[in-house]
Amino acid sequence: MDVIGTLEGLDPILQAFIAGLFTWFMTAAGAGLVFFFHEINRKSLDGMLGFAAGVMIAASCFGLLSPAIDQTDGEGPP
């Protein structure tokens, strides 16, 4: 079964709803892991924090800064 083809044929509002449910479920599943682990190794916590920081830096550089620079028409100081 072609899931992508099935989703493309749906109404855009229904597509947005399904995407919202998917992101909610994945967030809840990730947050729910805390109930299964009572203690986490310090090195694991450091690694997760470093990964999260890298994701946020990449998102700000590639997702926000580059499109903003592309939208300027050479305005601003030389």
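Values computed for the structure shown
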| read-out | value |
| --- | --- |
| Å² per residue, accessible surface of the chain at 1.4 Å | 92 Å² |
| Rounded D (µm²/s) - the chain, Kirkwood Rh over Cα pairs, Stokes-Einstein at 4 °C, 1.567 mPa s | 76 µm²/s |
| Selection from LEU21, LEU65, ASN41 lying farthest towards where the dipole of the stretch 1-74 points positive, charges on Cβ | ASN41 |
| Contour minus Cα-Cα distance for ILE13 and ILE69 (0.36 nm per residue) | 17.0 nm |
| Carbon/sulfur fraction of accessible area - the chain, other protein chains in place, 1.4 Å, % | 72 percent |
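The values are calculated or read from the model by the stated rules, or taken from the named source; none is laboratory data. Nothing here was measured: the structure is a model prediction, and the numbers come from that model. Note that we place each Cβ from the backbone using ideal geometry, even for glycine, and neighbour counts take in every protein chain shown. We work out accessible area using only protein heavy atoms, side chains counted, and drop any ligands, DNA or RNA first. Shrake-Rupley method; radii C 1.70, N 1.55, O 1.52, S 1.80 Å.
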